[in-house]
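Report on one structure; see the data block that follows.
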C-alpha cells in the first residue's frame with residue numbers, strides 16, 4: 001500500500017435526513033456535520049456509524065427525531081476518488097446538548 005492511500009479519509013458530499021413518516025426531509029450536509037465515523041466489521045453484515053450534527057440554524061427544529069429516520073449519504077473517498085451512496089437508518093438519537101451560547105444544539 002502506498003503512503004498516499006488512506007482508505008479512512010473521506011468527505012460527505014450529501015446527507016439528507018427523512019423523518020420516520022417520510023413527510024419531512026432536511027439537508028444536513030452543509031456545515032452541520034461536525035464528525036463522522038463509519039465502522040465496518042468482518043463478522044457483521046452491515047455497517048454502523050456515528051454522525052455528530054451541530055445545528056445553530058434551526059434546521060432540525062420541528063422535525064420529530066425519534067431514532068427511526070432515514071439517512072441518505074453520498075460519500076467521496078479520497079483514496080480512490082470514488083463516490084459511494086449509502087441508504088441508512090437512524091438507530092438512536094442521543095446526547096442532544098444546547099451550545100454554550102444557547103444558539104443551537106449538538
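Scanning the stretch 24-34 for residues that are outside any loop (DSSP other than H, G, I, E, B) and over 12 Å from residue 73 (Cβ atoms) yields 25, 26, 34.
Residues in the stretch 40-55 that are surrounded by 14 or more Cβ atoms within 10 Å (Cβ to Cβ) and in a loop (DSSP other than H, G, I, E, B): 54 alone. On the basis of being outside any loop (DSSP other than H, G, I, E, B) and either touching a strand residue (DSSP E or B) at 6+ places or on another chain (Cβ under 9 Å) or at pLDDT 90 or above (or both), does residue 37 make the cut? Judged against the criteria, residue 37 is a match.
Would you check which residues across the stretch 87-98 are at pLDDT below 90 and either in a strand (DSSP E or B) or out of contact with any strand residue (DSSP E or B) (no Cβ under 6 Å at 6 or more places or on another chain) (or both) and list them?
Residues satisfying the conditions are 91, 92, 93, 94, 95, 97, 98.
The set of residues from the stretch 56-74 being loosely packed, with under 12 Cβ neighbours inside 10 Å, over 20 Å from residue 37 (Cβ atoms) and free of Cβ contacts under 8 Å to residues at least 40 places away in the same chain comprises 61, 62.
The values are calculated or read from the model by the stated rules, or taken from the named source; none is laboratory data. This is a predicted model, so every value here is computed, not measured. Glycine gets a Cβ as well: all are built from the backbone with ideal geometry, and neighbour counts include every protein chain shown.
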